[in-house]
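Have a look at the structure below before the remarks.
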Amino acid sequence: MRLYAAVALSGFRRFATYRVATAAGVFTNTVFGFILAYTYVALWDARPGLGGYDRSQALTYVWVGQALLMTTAMMGGGFQDELIERIRTGDVAIDLYRPADLQLWWLATDLGRAAFHLLGRGVVPLLIGSLAFDLALPAGPLTWLLFLVSVALGVVVSFALRYLVVLSAFWLLDGAGVSQIAGLASMFFSGALLPLTLFPGWLGELARALPWAALQQIPADVFLGRHTGTGLLRVFAFQAGWALALLAAGRALQSVATRKVVVQGG
Amino acid sequence: MWVRSTMAYRASFLMTALGNFATTGLDFATILLMFSHVTTLGGFSLPEVAFLYGTTSTAFGLADLTMGSMDRLGRRVRDGTLDTLLLRPVPVLAQVAADRFALRRLGRITQGSLVLGWSLSRLDIDWTVLKVLMMPMMLLSGGAIFGAVFVAGAAFQFWAGDASEVQNSFTYGGNTLLQYPPSIFAKDLVRGVTFIVPLAFVNWLPALRILGRDDPLALPGWLDFASPLVAVACCAVAGLAWRTGLRSYRSTGS
């Protein structure tokens, strides 16, 4: 356990090294936050109460989304490219010799990365957004805490999904195509572009049942205090359920993949 | 060379081109979802927003196809591979632009022009010779303005080294901004993208003239035709920034 904590810390430190890049990222998140916020204002002016949000809740949704964009790596990224490259070059064989679990190792680095991105690229845009617009921020510290739990679960779901994408490289060698399609699905079905409650009919029901809903829709709703009591337990169970199911799937696929590596190695 | 190398993996090329097509289409899918709840956004109908979307996406696609590799400059400055380019007897700008030239970016232009075509079939525009001439003028000068932003952003990397994301907010962010009617944004923001970073000349001003709409800043009408001039001025400024940046470049080793 201490090993993985150290790995997570090094993941945090690694991203904390790039100060200029972080400042540039904060700038970009803020610009996109403003653009999105204005389109939401126009949309909610035309249809007040759309999707069950009032105007300030919709704006809060935008800025929480910007804070979570890098944290849950909705557009992809994080450990993905590095591990795909290690699989392509065969360096992954060295990783498999190590006395640490491959999946847990990368999960730890990704949690460290997510923690840094939440602090480094999440806090400032949310702060600027709350100064520029009238946001519905949580009143009590408990909601903030529940939000953090929901974000952590969302990061694990995101990791588990991206891990599956990475493992596909054992068969395809080049992960670019799959990564791109996975990023696409993630942006659309996480609610990063538009809240999933606005998706019409069966598309909305499907989107809300898929694992990507755990990335932005659920943490944002927890932040807005839309889930309480048993409802809250239900969304946490939804997130944790998908996290466990996807991690298990990753584990199963990994054992098939590593057997393949052994065969190739002769 | 890069075209040939991409074509070596035909299936992969098709997949990424299709992926590019779908990625850019996601923006329009969002707009369609918005319009499933409302009939107008900021006073603009769906075909009108599609017209704005199509014009900026096509112009941005042209710039992205030719200059989209410019954001790799920061990495080259950091790892020192820029030095290789300095030794070759070809302008550095041309080399950086051609670096990993990605034909898959055709996906964005295709998607943008399809939406533009659809919007034109739905809009009831009172066409005059002038308005017809404005169409190619708008797309080409728009592409040039976005291209200038790409180059200026790359020039900024000579100093910042690690800040390609700032460039993204002006290129990709600007493209997203111009997909929506100017009427929904705060006046100061519209002023900023008209007078400071003149993105409004990519499509807002000429497109509002073609659609027969007033611009929210009530600017003099002749500005609607100023896009080519603005494009030339932008390219000049970007070129100057690039030269200054390149001159001040010190390789990582020294």
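The values are calculated or read from the model by the stated rules, or taken from the named source; none is laboratory data. Note that the structure is a prediction, hence the values are computed from the model and not measured. Note: ideal-geometry Cβ built from the backbone for every residue, glycine included; neighbour counts use all protein chains shown. Areas reflect the complete protein model, heavy atoms only, side chains present, ligands, DNA and RNA absent. Shrake-Rupley method; radii C 1.70, N 1.55, O 1.52, S 1.80 Å.
The table below lists the values:
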read-out	value
Some residue of region B:136-147 being open to solvent by 20 Å² or more (accessible area, probe 1.4 Å), of a type in the set (Ser, Thr, Tyr) and at pLDDT 90 or above	no
Answer from B:Asp64, B:Asp79 - the residue that is surrounded by fewer than 21 Cβ atoms within 10 Å (Cβ to Cβ) and charged (D, E, K, R)	B:Asp79
Set A:Tyr4, A:Tyr40: member being closer than 27 Å to A:Ala185 by Cα, over 19 Å from the mean Cα position of the chain (by Cα) and assigned to a helix (DSSP H, G or I)	A:Tyr40
In region A:56-80, the residues that are in a helix (DSSP H, G or I), without any contact (Cβ under 8 Å) to a residue 60 or more places away in the chain and open to solvent by 20 Å² or more (accessible area, probe 1.4 Å)	A:Met70
Residue that is nearest to B:Tyr180 (Cα to Cα), among those in region B:194-237 that are without any contact (Cβ under 8 Å) to a residue 40 or more places away in the chain and of a type in the set (Gly, Ala, Ser)	B:Ala200
Answer from A:Ala139, A:Ala182, A:Ala160 - the residue that is in a helix (DSSP H, G or I), within 29 Å of A:Ala23 (Cα to Cα) and at pLDDT below 95	A:Ala182
Counted residues, region B:14-58 - those being within 11 Å of another protein chain (Cβ to nearest Cβ), under 22 Å from B:Gly212 (Cβ atoms) and not in a helix (DSSP H, G or I)	7
Search result, residues across region A:92-129 that are free of Cβ contacts under 8 Å to residues at least 40 places away in the same chain and of a type outside the set (A, V, I, L, M)	A:Asp95, A:Tyr97, A:Arg98, A:Pro99, A:Asp101
Qualifying residue in region A:87-99 (condition: more than 9 Å from every other protein chain (Cβ to nearest Cβ), of a type in the set (Ser, Thr, Tyr) and within 23 Å of A:Leu224 (Cα to Cα))	no
Among (1) more than 30 Å from A:Val7 (Cβ to Cβ); (2) surrounded by 21 or more Cβ atoms within 10 Å (Cβ to Cβ) - the single one A:Pro48 does not satisfy	(2)
Pick from region A:35-45, criterion under 16 Å from B:Gly173 (Cα atoms) and at the interface with chain B (Cβ under 7 Å from one of its Cβ atoms), ranking: most open to solvent (accessible area, probe 1.4 Å)	A:Tyr38
Every residue from region A:230-247 that is open to solvent by less than 40 Å² (accessible area, probe 1.4 Å) and among the aliphatic types (A, V, I, L, M)	A:Leu232, A:Val235, A:Ala240, A:Ala243, A:Leu246, A:Leu247
A:Ala132 being in contact (Cβ under 8 Å) with a residue 40 or more places away in the chain, within 12 Å of chain B (Cβ to nearest Cβ) and surrounded by fewer than 17 Cβ atoms within 10 Å (Cβ to Cβ)	yes
Residue list for region A:46-55, filter: more than 21 Å from A:Ser186 (Cβ to Cβ), touching a residue at least 24 places away in the same chain (Cβ under 8 Å) and within 11 Å of chain B (Cβ to nearest Cβ)	A:Leu50
Scope region B:171-191; condition closer than 16 Å to A:Thr30 by Cα, buried (at least 20 other Cβ atoms within 10 Å of the Cβ) and more than 8 Å from chain A (Cβ to nearest Cβ); matching residues	B:Thr171, B:Gly174, B:Asn175
Conditions (1) open to solvent by 50 Å² or more (accessible area, probe 1.4 Å); (2) more than 24 Å from the chain's Cα centre (by Cα); (3) more than 7 Å from chain B (Cβ to nearest Cβ); number of the one not met by A:Thr17	(2)
Selection status of A:Leu253, at pLDDT below 95 and either open to solvent by 40 Å² or more (accessible area, probe 1.4 Å) or outside any helix (DSSP H, G or I) (or both)	yes
Test: residue in region A:195-205 that is away from chain B (no Cβ under 14 Å) and outside any loop (DSSP other than H, G, I, E, B)	yes
Qualifying residue in region A:110-119 (condition: under 17 Å from A:Ser10 (Cβ atoms), open to solvent by 20 Å² or more (accessible area, probe 1.4 Å) and over 17 Å from the mean Cα position of the chain (by Cα))	no
Output for region B:31-54, where each listed residue is surrounded by fewer than 20 Cβ atoms within 10 Å (Cβ to Cβ) and among the hydroxyl-bearing types (Ser, Thr, Tyr)	B:Ser36, B:Thr39, B:Thr40, B:Ser45
Some residue of region B:94-103 being open to solvent by 30 Å² or more (accessible area, probe 1.4 Å), among the charged types (D, E, K, R) and either within 24 Å of B:Asp27 (Cα to Cα) or outside any helix (DSSP H, G or I) (or both)	yes
Residue in region B:37-60 that is among the hydroxyl-bearing types (Ser, Thr, Tyr), in contact with a Pro (Cβ under 9 Å, 6 or more places away or on another chain) and in contact (Cβ under 8 Å) with a residue 40 or more places away in the chain present	yes
Complete set of residues in region B:213-237 that are assigned to a loop (DSSP other than H, G, I, E, B) and modelled with pLDDT of 90 or more	B:Ala226
Those residues of region A:61-85 which are closer than 16 Å to A:Gly11 by Cβ and not polar (S, T, N, Q), in sequence order	A:Met70, A:Ala73, A:Gly77, A:Gly78, A:Phe79, A:Asp81, A:Glu82, A:Leu83
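Residue by residue, here is whether (1) at pLDDT 95 or above; (2) out of contact with any helix residue (DSSP H, G or I) (no Cβ under 9 Å at 6 or more places or on another chain) holds:
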site	(1), (2)
A:Asp81	no, no
A:Thr89	no, yes
A:Leu104	no, no
A:Ala114	yes, no
